[in-house]
Each structure stands twice: as C-alpha cells, then as structure tokens.
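Inspection log for the structure reproduced underneath, given as structure tokens.
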Amino acid sequence: MDVAEIISHHILDHDWGVTLAGFRVPVTTHTVTLMAVSLVLLLGLYWISRRHQSRAGRLLTTLTEEYVSFIRDGVVLPNMGPEGRSFLPYFCTLFLFVLFCALAGLIPNMKTATANISVTAALALCSGGLILYCGLKFHGPIGFLKGFIPSGTPGWLVPLIFPLEIISMIIKVCVLAIRLFANMLSGHMVLICLLLIIFVVGQMHIAAGAGALLPAMGLELFMTCLEILVAFLQAYVFTLLTSIFAGSVIHTH
Amino acid sequence: MALGPFTKQDHLEITTLGMEFAVSEILCAGAGYWLDQRWGTAPWCLVAGAAAGFALGLYQILRAARQMTQDNAKFKKAEEKKDGRR
C-alpha cells in the first residue's frame, strides 16, 4: 500500500481529459465541483428569492435575509463604512461560495475545490480587483497612490516606502489565497491520514487493525465536525479580511 | 507598555502577520533565485532577495504594530473623554 499515492489521489485534482472536436475541454474534479456549487447556489438562491406560500420557503427566505443583514452589519459596514454598501452583493456571494466549496468537499465523491491554489488565487485576484476598484473609485488614480504613503513620512523616505507599501498590498492578497488553500488542504490531509491509520496498523496484524478501527473512526468524526467549523470560519475570515483591506484603501490615514 | 484591548480586526491582522512575513521572504528569495538562473550570478541575487524579503517582513510587522498603537491611543482617548463626561 503506497500511503503517499493514496493521499495525493485524495487531495489532488484529476483531469478527465475530454476532447470535443479537436478542442480539449478542461474537465477536472475541481472544475466539476465548482460548477456544481455555482449551479446549486444560483438555482437555490433564485428559488429562495421568489415569494413563497409554504412555511419552509418563508423560513428559508427569512434565514437568507438574516444572513445578508449579518454580512452587512457584521462585516461590511464596520470595516468599510457606508461606502461599502454598494459592494454588499460581492461579499454575500464570496462568503456563500467559499463556504459551499468547503462543505462540498465533505460530501462523498466530491472534492474541495478551495484546496486547489488556482481556485483560491482566482478568488484572491477578485478581492484584489475589488480593493483596486475601491481605491480608484473613492480617491482617483493619484489619490489612491498617495494613500500608500503613511502620514508623517519624511520626503526622502518616500521613494523607499512607496514600493514597499505596494508590495505589502500584493503580499496581503497573496496571503488571502494561501491561507484558504492551506487550511482546506491540511484539513483533508488529516482526514485521509486518520482513515489510513486503520489500514497501516492492519497491515502489521489484522487484529491490531480491528483495534485501531474505533479510535480512528472517533478521531475521523471529530475532525469532520472540525472541518465543518473550519469551512464556516475560513469563509468568514476570507470575507472579513477582504472587507478590512478594502476599508483600509477607502479610509486612508 | 500595556497592550490591548485588541479588536477582532487586530486579532485577524496579528494572525496574518506571520504568514505575510513568510510570503514576503519566499517571494523575494524566489525572485532572487530566478534572477540568478537568468544572469548566472548564483548565489548573490538569492542572498540579496532573502535579505530584502526579511526587511520587507520586518517592515510589515513594525507598521502593523505602529498602527495598532495609534488605534489604541485613539481608543483610550475616546474612553477618557467618555468618562469625563459622565
């Protein structure tokens, strides 16, 4: 049994290699998961937004309204101020998308798309674009660039500080991507490693494998619960950090 | 000097600082390594990149610390004003 191969098979993306009329369509497990999550969100939210007579429908509508209020009052307004109100749809979408991508990975036969650095980099690029747009919209190109120089900086230090601040902002966006990627990847690695304990111990002796079954499954259950918590936490952190960075660009000192 | 009280945003920024330090080090050292491969100057650009990454990481930590100290001072002033009014 090659443990490394099993772990990489569980974690990595798999290309199904579909070629249509000489054109290679990049169908991979992660892109399929992304499409599935997008479709579920699109259809689900469309259904929720309609007027409902049933009790369940009304409950879901109320829950969604509560969710939007939470993002508005807990994330966007405290960090971005009233200027952030127009960006509320982006933050609501971002939170739900990151959350559902992480939760989809806990469904058997589905993969966590956010455990792929390309996906998180694309999400971070979107957030970087929003930060850039906020700066340009509220301060104009010159004002936006001026905002990178901290107040009270001596004139001779400006040529040194300015590139440092620009690189710092780029690094912050990179960190957004790496944090989400690392958390999702490590969680799933731990999950598969805990399961593999049974088989690794079982190879030594079948009775030892049977003995390891219960503790390993208990740990697996605990980690799965922890993964659900991490899914919510990381979605919240990603949204909150994006709003903090956008807010720092809008309200420069 | 007493630290705190920290806000939720402060906590998040503190947890981000370590990763920012690592990413700036890796990015700058990586850029130095790439330049070394291109110009055949190994290992000088890598060493310079690593040093620049370290300096950038330190700068980010110092800036965050200064920002938090300023925010704290503002917060304490506002609290004192509130107490004075009472």
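The values are calculated or read from the model by the stated rules, or taken from the named source; none is laboratory data. All values derive from a computational prediction rather than experimental measurement. Note: ideal-geometry Cβ built from the backbone for every residue, glycine included; neighbour counts use all protein chains shown.
Say we look at segment A:196-238 and pick out the residues that are β-branched (Val, Ile, Thr), in contact (Cβ under 8 Å) with a residue 24 or more places away in the chain and more than 12 Å from chain B (Cβ to nearest Cβ); which of these is farthest from A:CYS174 (Cα to Cα)?
To start, the set of residues in segment A:196-238 that are β-branched (Val, Ile, Thr) comprises A:197-198, A:200-201, A:206, A:224, A:228, A:230, A:237.
Restricting the remaining residues to those that are in contact (Cβ under 8 Å) with a residue 24 or more places away in the chain gives A:200, A:224, A:228, A:230, A:237.
Okay, now just the ones that are also more than 12 Å from chain B (Cβ to nearest Cβ), so A:200, A:224, A:228, A:230.
Numbers: A:VAL200: 37, A:THR224: 27, A:ILE228: 24, A:VAL230: 20 Å.
Only one residue fits best here, namely A:VAL200.
Can we say B:GLU20 is within 24 Å of A:ILE161 (Cβ to Cβ) and of a type in the set (D, E, K, R)? Steps first, please.
On the way: within 24 Å of A:ILE161 (Cβ to Cβ): yes; of a type in the set (D, E, K, R): yes.
Yes; evaluated as a whole, the condition is true for this residue.
How many residues does segment A:7-20 hold that are outside any helix (DSSP H, G or I) and either surrounded by 12 or more Cβ atoms within 10 Å (Cβ to Cβ) or modelled with pLDDT under 80 (or both)?
Quick first cut of segment A:7-20, residues outside any helix (DSSP H, G or I) only: A:12-20.
The next check asks that each one be either surrounded by 12 or more Cβ atoms within 10 Å (Cβ to Cβ) or modelled with pLDDT under 80 (or both); those that pass are A:12-18.
Residues flagged as outside any helix (DSSP H, G or I) and either surrounded by 12 or more Cβ atoms within 10 Å (Cβ to Cβ) or modelled with pLDDT under 80 (or both) within segment A:7-20 amount to 7.
Output the residues belonging to segment A:108-137 that are modelled with pLDDT under 90 and surrounded by fewer than 18 Cβ atoms within 10 Å (Cβ to Cβ).
Across segment A:108-137, the qualifying residues are A:PRO108, A:ASN109, A:MET110.
For segment A:141-155, give me each residue that is part of a loop (DSSP other than H, G, I, E, B), surrounded by 10 or more Cβ atoms within 10 Å (Cβ to Cβ) and either more than 14 Å from chain B (Cβ to nearest Cβ) or not aromatic (Phe, Trp, Tyr) (or both). Walk me through it before giving the result.
To start, the set of residues in segment A:141-155 that are part of a loop (DSSP other than H, G, I, E, B) comprises A:147-154.
Pick out the ones that are also surrounded by 10 or more Cβ atoms within 10 Å (Cβ to Cβ) and you get A:147-150, A:153.
Answer for segment A:141-155, where residues must be part of a loop (DSSP other than H, G, I, E, B), surrounded by 10 or more Cβ atoms within 10 Å (Cβ to Cβ) and either more than 14 Å from chain B (Cβ to nearest Cβ) or not aromatic (Phe, Trp, Tyr) (or both): A:GLY147, A:ILE149, A:PRO150, A:THR153.
Consider A:PRO89 carefully, then state whether it is surrounded by fewer than 14 Cβ atoms within 10 Å (Cβ to Cβ), within 18 Å of the chain's Cα centre (by Cα) and at pLDDT 90 or above.
Numbers: surrounded by fewer than 14 Cβ atoms within 10 Å (Cβ to Cβ): yes; within 18 Å of the chain's Cα centre (by Cα): yes; at pLDDT 90 or above: yes.
Spelling it out, A:PRO89 is indeed surrounded by fewer than 14 Cβ atoms within 10 Å (Cβ to Cβ), within 18 Å of the chain's Cα centre (by Cα) and at pLDDT 90 or above.
If we keep just the residues of segment A:21-34 that are farther than 30 Å from A:LEU196 by Cβ and among the aliphatic types (A, V, I, L, M), which is surrounded by the most Cβ atoms within 10 Å (Cβ to Cβ)?
A:VAL25
Restricting to segment A:58-86, what's the tally of residues that are on the phi > 0 side of the Ramachandran plot and within 22 Å of the chain's Cα centre (by Cα)? Walk me through how you get there before you give the answer.
Going residue by residue through segment A:58-86, those that are on the phi > 0 side of the Ramachandran plot are A:81.
Imposing the further condition that a residue be within 22 Å of the chain's Cα centre (by Cα) reduces the set to none.
Adding up the residues that qualify gives 0.
Can you confirm whether B:ALA73 is within 14 Å of chain A (Cβ to nearest Cβ), under 10 Å from the mean Cα position of the chain (by Cα) and over 20 Å from A:THR242 (Cβ atoms)? Step through it out loud before you land on a result.
Numbers: within 14 Å of chain A (Cβ to nearest Cβ): yes; under 10 Å from the mean Cα position of the chain (by Cα): no; over 20 Å from A:THR242 (Cβ atoms): yes.
No: the conditions fail for B:ALA73.
Per-residue answers, yes or no, for (1) free of Cβ contacts under 8 Å to residues at least 40 places away in the same chain; (2) assigned to a helix (DSSP H, G or I):
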{"site": "A:ILE107", "(1), (2)": "yes, no"}
{"site": "A:MET110", "(1), (2)": "no, no"}
{"site": "A:THR114", "(1), (2)": "no, yes"}
{"site": "A:GLY135", "(1), (2)": "no, yes"}
{"site": "A:ILE161", "(1), (2)": "yes, yes"}
{"site": "A:ILE167", "(1), (2)": "yes, yes"}
{"site": "A:VAL175", "(1), (2)": "yes, yes"}
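Given the condition touching a residue at least 40 places away in the same chain (Cβ under 8 Å), more than 9 Å from every other protein chain (Cβ to nearest Cβ) and either closer than 30 Å to A:LEU233 by Cβ or touching a Cys at 6+ places or on another chain (Cβ under 9 Å) (or both), answer yes or no: does some residue in segment B:18-38 qualify? So that I can check it myself, show each step before the final result.
So in segment B:18-38, the residues touching a residue at least 40 places away in the same chain (Cβ under 8 Å) come out as B:20-21.
Next, only the ones that are more than 9 Å from every other protein chain (Cβ to nearest Cβ) stay: B:21.
From what is left, the residues that are either closer than 30 Å to A:LEU233 by Cβ or touching a Cys at 6+ places or on another chain (Cβ under 9 Å) (or both) are B:21.
Yes, some residue in segment B:18-38 is touching a residue at least 40 places away in the same chain (Cβ under 8 Å), more than 9 Å from every other protein chain (Cβ to nearest Cβ) and either closer than 30 Å to A:LEU233 by Cβ or touching a Cys at 6+ places or on another chain (Cβ under 9 Å) (or both).
So which of B:GLN9, B:GLN60 ends up being free of Cβ contacts under 8 Å to residues at least 12 places away in the same chain and not β-branched (Val, Ile, Thr)?
Working: B:GLN60 fails: free of Cβ contacts under 8 Å to residues at least 12 places away in the same chain.
After applying the criteria, what remains is B:GLN9.
Say we look at segment A:239-248 and pick out the residues that are surrounded by 23 or more Cβ atoms within 10 Å (Cβ to Cβ) and either of a type in the set (Ser, Thr, Tyr) or away from every other protein chain (no Cβ under 11 Å) (or both); which of these is farthest from the chain's Cα centre (by Cα)?
This residue is A:ALA246.
Residues of segment A:147-157 being within 18 Å of B:GLY57 (Cα to Cα) and out of contact with any Lys or Arg (no Cβ under 9 Å at 6 or more places or on another chain), which ones? Reasoning before the result, please.
To start, the set of residues in segment A:147-157 that are within 18 Å of B:GLY57 (Cα to Cα) comprises A:148-150, A:157.
Matches in segment A:147-157: A:PHE148, A:ILE149, A:LEU157.
Across segment A:46-95, what is the number of residues that are under 30 Å from A:THR252 (Cβ atoms) and among the hydrophobic types (A, V, I, L, M, F, W, C)? Steps first, answer last, please.
Step one: filter segment A:46-95 for residues under 30 Å from A:THR252 (Cβ atoms), giving A:68-95.
Of the ones still in play, those that are also among the hydrophobic types (A, V, I, L, M, F, W, C) are A:68, A:70-71, A:75-77, A:80, A:87-88, A:91-92, A:94-95.
Counting residues in segment A:46-95 that are under 30 Å from A:THR252 (Cβ atoms) and among the hydrophobic types (A, V, I, L, M, F, W, C) gives 13.
Any chance segment A:204-218 includes a residue that's touching a helix residue (DSSP H, G or I) at 6+ places or on another chain (Cβ under 6 Å), closer than 19 Å to A:LEU185 by Cα, assigned to a helix (DSSP H, G or I) and not β-branched (Val, Ile, Thr)?
No, because not a single residue in segment A:204-218 is touching a helix residue (DSSP H, G or I) at 6+ places or on another chain (Cβ under 6 Å), closer than 19 Å to A:LEU185 by Cα, assigned to a helix (DSSP H, G or I) and not β-branched (Val, Ile, Thr).
How many of the residues in segment A:156-172 are of a type in the set (D, E, K, R) and more than 8 Å from chain B (Cβ to nearest Cβ)?
Qualifying residue count for the region: 1.
List pairs: first in segment A:60-72 and without any contact (Cβ under 8 Å) to a residue 24 or more places away in the chain, second among the β-branched types (Val, Ile, Thr), Cβ under 6 Å, 6+ apart or cross-chain?
Cβ pairs passing all conditions: A:LEU60/A:ILE48; A:THR61/A:ILE48; A:THR64/A:ILE48.
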